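Structure record follows, encoded as structure tokens.
The values are calculated or read from the model by the stated rules, or taken from the named source; none is laboratory data. A quick note: this is a predicted structure, and the numbers were derived from the prediction, not measured. Every residue, glycine as well, gets a Cβ built from its backbone with ideal geometry; the counts of neighbours run over all protein chains shown. To get the accessible areas, we keep the full protein, side chains included, count just its heavy atoms, and leave off ligands, DNA and RNA. Shrake-Rupley method; radii C 1.70, N 1.55, O 1.52, S 1.80 Å.
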Amino acid sequence: MKDYDVAVVGGGLLGSSFGYGLSARGARTLVLDEGDNAIRTALGNFGLVWVQGKGLGMPEYAQWSLKASAEWSGFADRLRQETGIDTCFHRPGGFNLCLDDDELATNLELLSSLRREAGDGGYDYEVIDAAELKRLIPIVGDLAGGTYCPHDGHCNPLLLLRALHAGFSANGGEYRPRSHVNQVKSCSDGGFLLLSKNGDALGAAHKVVIAAGHGSPDLGRQVGLDITTHPDQGQVLVTERVQPMLEYPTNYVRQTDDGTFLLGPSTRDVGFDLSTESGTLRDIARRCTRAFPLLKNLRVQRSWAALRIMTPDGFPTYQQSDTHPGAFSFSCHSGVTLAANHALLTPDWILSGSIPREYDVFHPKRFDVQKNAAGH
Amino acid sequence: MFKRTQPVTDPVTIYFEDRDIVAQRGEPVAAALLAAGVHVFRTSPLSNSPRAPLCMIGNCFECLLEIDGESNRQACRARVQDGMRVRKQQGVRALEENDEG
């Protein structure tokens, strides 16, 4: 008899969402997490709950994001009722701001391609010209225009993480920090044993969910899960607090409930480098102050870098092992947006023992060139 | 609550709200106010609770003041100058459209 029904490896946004959802369904759940030295993407998020522009080449991902956006309100209410923590979720719709005509044209081409691909399943968006943009957001500078998507929103990602942890504990879940899993072993009598680097047993469970961000590939390969990810660095600036002036989240500037403005996020391929660097920060500040000239008067209080978990095509990879049934892995960079789905929907997949066929598209076998070629 | 460990040798006068305070030239504004018995530097933007310096090394942003008309200045990082006018930072900073620089 194993102590736990499910062991989740990773206490970031994905692992905590699964832990919360599994424990809410009555599953005896263990979350094993690293300590403060871990690479924690969950602590560096920009906080967008975003649909606009996502999913070109995989309309199912656009649908999945749209579904998450629709679930988010109820999800935030539920977290608040259960934990007393307000995740500051708002969904007034979001703007993709375009500085010049080229940017606007590129953006419109992307959105219309997405619409063509998705057919009736596509999401709504509106093209907003410069004058209308100025009317809706009086503090914007002279921009070419933008697009508005009513499904976009934002939240406080740190409070989201805290709420998931609090909800998990309230549901009777067991959270163990400083428990860096190094080995995943299947047991002869079924189930899995999780071990530290020194071979100490960290926990045993009937099922295991690998949601360890950049640590997932090494763990997955031990139980027949092929996970490929690479880090994509994003840098963010945060300003001093000022009165509320920007209700809408945009693609690179948003104002939080606390009054701070977040500026960013950049995207760079620099490996596992968590340092900020003045050239990137300057580019972010330039772009954001062009969009909102008023921001020039604000003091920047901090900057930071975080490492997105990128799959080869940028879309989620969800899978259960063929060789070790009961071992699952989930990798994606949209841990905030998809938190509602990960907490409310995926726990049923794990508990029932199969990922529904409609989500097969998220299986990483899509990257297997030989197999795909042989099939044609 | 706080006492100076060294006497003021190069005095300047600054003004906190409507009060004159004698301080050592060049010392941090936060130190000057604490030495003068000021315990509330600002009120917080969301809950309006009273706040005072915590870290004194520029990290915590608890010591924000309005200094010479400029809001949200970190009192631990600003140095005392003669005639400086200092006020509490009350809640969140207002930003005017014509502030644009």
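Just checking, how many residues over the stretch A:261-311 are within 14 Å of chain B (Cβ to nearest Cβ) and of a type in the set (A, V, I, L, M)?
Result for the stretch A:261-311: 6.
For the stretch A:212-226, which residues satisfy the criterion of being open to solvent by less than 10 Å² (accessible area, probe 1.4 Å) and not in a helix (DSSP H, G or I)?
The one that is open to solvent by less than 10 Å² (accessible area, probe 1.4 Å) and not in a helix (DSSP H, G or I): A:Leu225.
In the stretch A:158-177, what residues are in contact (Cβ under 8 Å) with a residue 60 or more places away in the chain and either charged (D, E, K, R) or in contact with a strand residue (DSSP E or B) (Cβ under 9 Å, 6 or more places away or on another chain) (or both)? Walk me through it before giving the result.
Of the stretch A:158-177, the ones in contact (Cβ under 8 Å) with a residue 60 or more places away in the chain are A:158-168, A:170-177.
Correct list: A:Arg162, A:His165, A:Phe168, A:Asn171, A:Gly172, A:Gly173, A:Glu174, A:Tyr175, A:Arg176, A:Pro177.
Looking at the stretch B:28-55, which of the residues that are within 14 Å of another protein chain (Cβ to nearest Cβ) and touching a residue at least 24 places away in the same chain (Cβ under 8 Å) is surrounded by the fewest Cβ atoms within 10 Å (Cβ to Cβ)?
B:Asn48
Here is a check on your reading of the model: is A:Arg162 closer than 30 Å to A:Gly224 by Cα and in the same structural domain as A:Leu202 (by TED's automatic domain parsing)? Spell out the reasoning first.
Numbers: closer than 30 Å to A:Gly224 by Cα: no; in the same structural domain as A:Leu202 (by TED's automatic domain parsing): yes.
Criteria not met by A:Arg162.
Scan (1) among the aromatic types (Phe, Trp, Tyr); (2) part of a loop (DSSP other than H, G, I, E, B); (3) surrounded by 13 or more Cβ atoms within 10 Å (Cβ to Cβ) for the single condition A:Phe272 breaks and write down its number.
(3)
Scan (1) farther than 18 Å from A:Trp349 by Cβ; (2) touching a Lys or Arg at 6+ places or on another chain (Cβ under 6 Å) for the single condition A:Ile39 breaks and write down its number.
Of the numbered conditions (1) farther than 18 Å from A:Trp349 by Cβ; (2) touching a Lys or Arg at 6+ places or on another chain (Cβ under 6 Å), the odd one out for A:Ile39 is (2).
If you check B:Arg85 against the conditions, is it of a type in the set (Lys, Arg) and surrounded by 13 or more Cβ atoms within 10 Å (Cβ to Cβ)?
On the way: of a type in the set (Lys, Arg): yes; surrounded by 13 or more Cβ atoms within 10 Å (Cβ to Cβ): no.
When the stated conditions are applied, B:Arg85 does not pass them.
For the stretch A:51-72, which residues satisfy the criterion of being among the aliphatic types (A, V, I, L, M) and part of a loop (DSSP other than H, G, I, E, B)?
Applying the first criterion (among the aliphatic types (A, V, I, L, M)) to the stretch A:51-72 yields A:51, A:56, A:58, A:62, A:66, A:68, A:70.
Within the stretch A:51-72, A:Val51, A:Leu56, A:Met58 meet the criteria.
Scan the stretch B:63-77 and tell me whether some residue there is among the basic types (Lys, Arg), surrounded by fewer than 17 Cβ atoms within 10 Å (Cβ to Cβ) and more than 14 Å from every other protein chain (Cβ to nearest Cβ).
First pass over the stretch B:63-77, keeping only residues among the basic types (Lys, Arg): B:73, B:77.
Checking which are surrounded by fewer than 17 Cβ atoms within 10 Å (Cβ to Cβ) leaves us with B:77.
Among the residues that remain, those that are also more than 14 Å from every other protein chain (Cβ to nearest Cβ) are: none.
Within the stretch B:63-77, not a single residue is among the basic types (Lys, Arg), surrounded by fewer than 17 Cβ atoms within 10 Å (Cβ to Cβ) and more than 14 Å from every other protein chain (Cβ to nearest Cβ).
Looking at the stretch A:91-198, what strands (runs of 3 or more DSSP E) fall wholly within it and have at least 2 residues that are open to solvent by 50 Å² or more (accessible area, probe 1.4 Å) and farther than 23 Å from A:Ser334 by Cβ? Before the answer, list the steps.
Working: elements: A:94-98, A:126-129, A:145-149, A:174-176, A:183-186, A:192-195.
Those strands (runs of 3 or more DSSP E) span A:126-129, A:174-176, A:183-186.
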